[in-house]
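Below: one structure, written as structure tokens.
The values are calculated or read from the model by the stated rules, or taken from the named source; none is laboratory data. Everything numeric in this text was worked out from a predicted model, so none of it was measured. In this analysis, Cβ positions are derived from the backbone assuming ideal geometry, glycine residues included, and neighbour counts consider all displayed protein chains.
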Amino acid sequence: MQPQVPEAFAAFVGLDWADAKHDVCLQAAGTAQREFLSLDHSPEAINTWVQTLRTRFNGQPVAVCLELKKGPIVSALRNYDCLVLFPVNPLTVAKYREAFTPSRAKDDPTDAELQVEILLKHRDKLTPLRPQSPAMRALAQLVEHRRRLVGDKVRLTNRLTSALKNYFPQVLQWFSEKGSSALNRGAAHLSRKWGPKYTPPWHASTQRQEDHHGPHNHILPQ
């Protein structure tokens, strides 16, 4: 891989990501001065920040180093053609810190600042993420949306299974070989048929068992 000339980018950014806020360190090309800011994790804040970079550097490319290859912040930044993302392994940043700033003093550089150092001195060893076409960005968003939906389904199914184990364990036997979708449909059917205003016919006979042994002894009629 051919080494890249530092002047190929108008600025170099290190981004230490977090769930709510991201620490950012920026160094413009040709200067030694570094700027620091905290960026809220919201579409509005990210868009405002990127548009500021675009205006300040006249649309020239800006190198961004971060410890991620995918995720919400990566997906958001890849929508801007003026940013070139360089993912770096978190262990690389940790080892870089250990090798060059072992004192652990308060004035030691932040992870975002170390990422700028890596961009300036070792960018030839990093592989930038390839720009995505609009179609690929749309597909990636759909895939991410599906992943979240599948996660929600798993969580809700687990909660439903836990509730049925406590109150109607026989339902789990009825749908044990038909998968979670059949279980969810069956539970929805039971909920509609025996809602909160309806008392199942076996309720009175099982109430005494529950008083003595708990709800695990409920047995639905065949």
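Which of the residues that make up the stretch 23-56 are of a type in the set (Asp, Glu) and in a helix (DSSP H, G or I)?
The first filter runs over the stretch 23-56 and keeps only residues of a type in the set (Asp, Glu), leaving 23, 35, 40, 44.
The one that is of a type in the set (Asp, Glu) and in a helix (DSSP H, G or I): Glu44.
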> Going through the stretch 80-104 one residue at a time, which ones are at pLDDT 85 or above, in contact with a helix residue (DSSP H, G or I) (Cβ under 8 Å, 6 or more places away or on another chain) and either in a helix (DSSP H, G or I) or charged (D, E, K, R) (or both)?
Replying inline: Thr92, Val93
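In this structure, is Val74 within 17 Å of the chain's Cα centre (by Cα), within 28 Å of Glu144 (Cα to Cα), modelled with pLDDT of 85 or more and not small (Gly, Ala, Ser)?
Against the criterion (within 17 Å of the chain's Cα centre (by Cα), within 28 Å of Glu144 (Cα to Cα), modelled with pLDDT of 85 or more and not small (Gly, Ala, Ser)), Val74 qualifies.
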> Are any of the residues in the stretch 58-70 surrounded by 15 or more Cβ atoms within 10 Å (Cβ to Cβ), in contact (Cβ under 8 Å) with a residue 60 or more places away in the chain and within 18 Å of Trp17 (Cα to Cα)?
Replying inline: yes
> Residues Ala20, Ala10: which one is of a type in the set (Gly, Ala, Ser), more than 23 Å from Leu142 (Cβ to Cβ) and modelled with pLDDT under 85?
Replying inline: Ala20
> Out of Ala94, Ala45, which single residue is within 25 Å of the chain's Cα centre (by Cα), small (Gly, Ala, Ser), more than 30 Å from His145 (Cα to Cα) and not assigned by TED's automatic domain parsing to the domain that holds Arg147?
Replying inline: Ala94
> In the stretch 9-22, which residues are in a strand (DSSP E or B) and over 26 Å from the mean Cα position of the chain (by Cα)?
Replying inline: Ala11
> Checking Gln33 against (1) over 18 Å from the mean Cα position of the chain (by Cα); (2) surrounded by 15 or more Cβ atoms within 10 Å (Cβ to Cβ); (3) not aromatic (Phe, Trp, Tyr), which single condition isn't satisfied?
Replying inline: (2)
